[in-house]
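Have a look at the structure below before the remarks.
The values are calculated or read from the model by the stated rules, or taken from the named source; none is laboratory data. Bear in mind the structure is a predicted one, so any value in this text is a computation, not a measurement. Every residue, glycine as well, gets a Cβ built from its backbone with ideal geometry; the counts of neighbours run over all protein chains shown.
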Amino acid sequence: MKIALAGNPNSGKTTLFNAITGRIERVGNWPGVTIEKKEGPVKKNLAGGKTNIVVVDLPGTYSMSPFTQEEDITRSFIKYEKPDVIINIVDATNLSRSLFFTTQLLELGIPVIVALNKSDLNRKKGTVINVQALSERLKCPVIETIATSGRNNGLKELISTALKIRGTKQEAPFVGKVANSNDKSEIEAVDRQRFEFVKSVVSEVEIKKHDDNRLSRQDAADRIIAHRWLGIPIFAVVMWGVFSISQAYLGPFLADIFVGWIDAFHAWVEGILGEGVSPVLRSILLDGIIGGVGAVVGFLPLIMVLFFLLALLEDCGYMARVAVVMDRFLKKVGLSGKSIIPIIIGTGCAVPGVMATRTIKNDRQRRTTAMLTPFMPCGAKLPVIALFSGVFFNDSPWVGTLMYFVAVALIIAGALIIVRITGERNAKTYFIMELPEYRFPSLKRAAISMLSRGKAFIIRAGTIILLCNVVVNLMQSFDWSLHVVEEGAENTSILASIASPFAVLLIPLGFGAWQLAAAAITGFIAKENVVGTLAVVYSITNFIDTEEFELVGGATNVAGVMGLTSVAALAYLMFNLFTTPCFAAIGAMRAEMENKKWFWGGIAFQLCIGYTVAFITYQFGTLFTTGAFGTAFLPGLAVVIIMMSVIAYFAGKGEQKAAVKATLRA
Amino acid sequence: MNGTVSLKTIMPTKKRMGRYDGGTVNLTNAQANREYIIKDIKTDDLELKGFLFTLGCYEGEKVTLLSVLGDNYIITIKDAKYSIDRNLAEAILVSRSF
Amino acid sequence: MGNIIGNIIVAVILVAIVVAAVAKIIVEKKKGAKCIGCPYGKGSEGGYGCCCSLHNDTEVN
């Protein structure tokens, strides 16, 4: 038996889906995140002994006439895959809009149950809905649900009703007969009648108490939080607060404890191994696996705190306001209003972020967004940020905050350049986005989000990161003739000889050591590898060392091993964050760009940006701190100038193309 | 309120352009916190029109401009709040409801 | 002799760990994961609220 969940966006479908199936699907409501339908079996205690009840969560839609790709999925599924029962989730706080879609569903003949969700919010607002009357008017069962609540949420009744009405024929309260489906004006006329019908139903069943005060308080908050200029410093302060809690206070406190356990485990394994074991095996196990993976996992508590705080921000409705503030800049540089969505999703992971660009119709805007989204610091980049701000900047929260702002600045600058290269400007776009009401964030939801992201982090550490560390360790332990590298002759190892040529290129950026080059290279496999590889090549077991921090009273120890100045460290961090992303994200870019020229151009562009940003940071940072440019300024400048000229050449060609277009039209 | 005042002073030409006979203006010229009736959606794009329709944004329906935040116009239609951009706000023609 | 046995045990453990990691990656790939263990999407439901954004690209050059 198949039950389909359908309804308007943000009506709480996924929350209900999770409550019914016990899953933790965390896909937000941005269109394009839910690009595909999700299926899951009903939880045992709800199914009432029955098995084989499958629930399908569909992307949100406002009507059966598809407007976007993801809406089409919903329509096709209901029309062609014929679910046994449709549960139509209706936002009880917005009946007059939601019931439009309901009446369309009721016409299909498939039995429908209306789940009147968010009924708790209505109670708070003082709105009363006559469920009995609504059910009679719609000719289908109506059940009040509170998907966010654990008990008395109406879910059991929902499923048992679904079992009961299965196989019955749904009667339609409103039949929108269209004689000629190609006649637009006829369709519109029918839909108008449909809305009139909905209005008459709503006026009968709903008694509203107007609570304008609460709403105007929200509007007043919006006027400040989403203010065109004030919104930016507010966002900075919020991010600074997030990083200061996760990076400077609570995070390190928890991380200290956690790292103590990892160290103890390391020592325990070391004790068991004893002296008799071959040094190569010993090194793989201790330095490669436990040390390398441990160094990455050591950041887990810190990052979980960060995930938790970010989840709170999303849940209270703040992120939608950030989108409103940022949207303006993106539009100015020729991106779509929709581009903000992939970018915000990209703060979690670039892969779904790039995939979310699918909903952008214009090819240039979609490809540009796919190219620029990976600049956002994703979850995998957070340990790298945490490592460098911890080791070189005394856990200062401004490092993390700065990275987000640099990312946004690079996206804007990047879009500005690309729009010139393509010679396509002045595309008129319309943008509309529903603003959710502010609400008190749910600690439970944030905790669930944090735990599932923490789990994902551990899975990554235990698979990709672990394997990479083993390989790095082997390559470091042997030379090309497969002899074990002697102590003091590390430069002869396979790893050193591969990484050294790249290291030469990095000298103008302030970090020309082969170890750092190797870490940057493994970072393309997964960005956490930067941390893991640094741990392996420098034999550092953790970067949050409890005792050593206390003894030295600063992080000079680890910093000293790496031999980087603070400025060079910042340049290295920026290089890793703002160059080409990991392979998974590159794969997603290729899939969404659907064009080889764009794809390779995009990768080259990202490399150029990463190099240039690191160069500027290191050289000018060094100039400001010491009064002179850093090492190899001129060769680096030459490289940057060459890259810029190539970009300028293409931009010039694009401008010509635009000029030709303009004259053709005139 | 501030939003509308500044709009008037900064863009007097826009205001004249947006005016229609019989007090019909586009949403960029609407006053905040006052209910308007939608008169027309001025666009050639039938898809856009159809989508707005499903939100309940079509002739004869009510719309309220809550505030202007830079280039974004915060409006309510039925019981939902939306942020729309200037292009869209210019396409929605409204008149005062009495 | 003890060394050899000890080395074999450690080697077996290492191989087991590596094989387990590879197996996990293969299983995830088979499930269709594009990025193993990526924190998929963002946010709890309804966090951002809906975003029924649409856009329409018409060149008005």
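Among the helices (runs of 4 or more DSSP H) contained in the stretch A:251-343, which hold 1 or more residues that are buried (at least 22 other Cβ atoms within 10 Å of the Cβ) and in contact with a helix residue (DSSP H, G or I) (Cβ under 7 Å, 6 or more places away or on another chain)?
Counting at least 1 such residues, we get A:294-297, A:300-315, A:318-332.
Going by what's in this entry, would residue A:409 be described as assigned by TED's automatic domain parsing to the domain that holds residue A:520, among the small types (Gly, Ala, Ser) and either out of contact with any helix residue (DSSP H, G or I) (no Cβ under 8 Å at 6 or more places or on another chain) or farther than 17 Å from residue A:235 by Cβ (or both)?
Values: assigned by TED's automatic domain parsing to the domain that holds residue A:520: yes; among the small types (Gly, Ala, Ser): yes; either out of contact with any helix residue (DSSP H, G or I) (no Cβ under 8 Å at 6 or more places or on another chain) or farther than 17 Å from residue A:235 by Cβ (or both): yes.
So residue A:409 fits the description; yes.
Sort out for me the strands (runs of 3 or more DSSP E) sitting completely within the stretch B:31-98 that have 3 or more residues that are more than 7 Å from chain A (Cβ to nearest Cβ).
B:35-41, B:62-69, B:72-77, B:92-96
So which pairs qualify, if the first residue must be in the stretch A:455-476 and farther than 21 Å from residue A:282 by Cβ and within 8 Å of chain C (Cβ to nearest Cβ), the second must be surrounded by fewer than 20 Cβ atoms within 10 Å (Cβ to Cβ) and of a type in the set (Asp, Glu), the Cβ gap must be under 9 Å, and the two must be at least 6 apart or on different chains?
Close Cβ pairs satisfying both conditions: A:459/C:28; A:463/C:28.
Quickly run through the stretch A:367-381 and pick out the residues that are touching a residue at least 60 places away in the same chain (Cβ under 8 Å) and surrounded by 24 or more Cβ atoms within 10 Å (Cβ to Cβ).
A:367, A:370, A:371, A:374, A:375, A:378, A:379, A:380, A:381
What number of residues within the stretch A:269-292 are closer than 19 Å to residue A:462 by Cβ, more than 9 Å from chain C (Cβ to nearest Cβ) and without any contact (Cβ under 8 Å) to a residue 40 or more places away in the chain?
2
Just one of (1) at pLDDT 80 or above; (2) more than 8 Å from chain A (Cβ to nearest Cβ) trips up residue B:18, so point out which.
All conditions are met except number (1).
Quick check: anything in the stretch A:312-319 more than 10 Å from chain C (Cβ to nearest Cβ) and touching a Ser or Thr at 6+ places or on another chain (Cβ under 6 Å)?
no
Being within 25 Å of residue A:478 (Cα to Cα), modelled with pLDDT of 85 or more and not polar (S, T, N, Q) is true for just one of A:302, A:309, A:281. Which residue is that? I'd like the intermediate steps shown before the answer.
Values: A:302 fails: within 25 Å of residue A:478 (Cα to Cα); A:309 fails: within 25 Å of residue A:478 (Cα to Cα).
So the residue among A:302, A:309, A:281 that is within 25 Å of residue A:478 (Cα to Cα), modelled with pLDDT of 85 or more and not polar (S, T, N, Q) is A:281.
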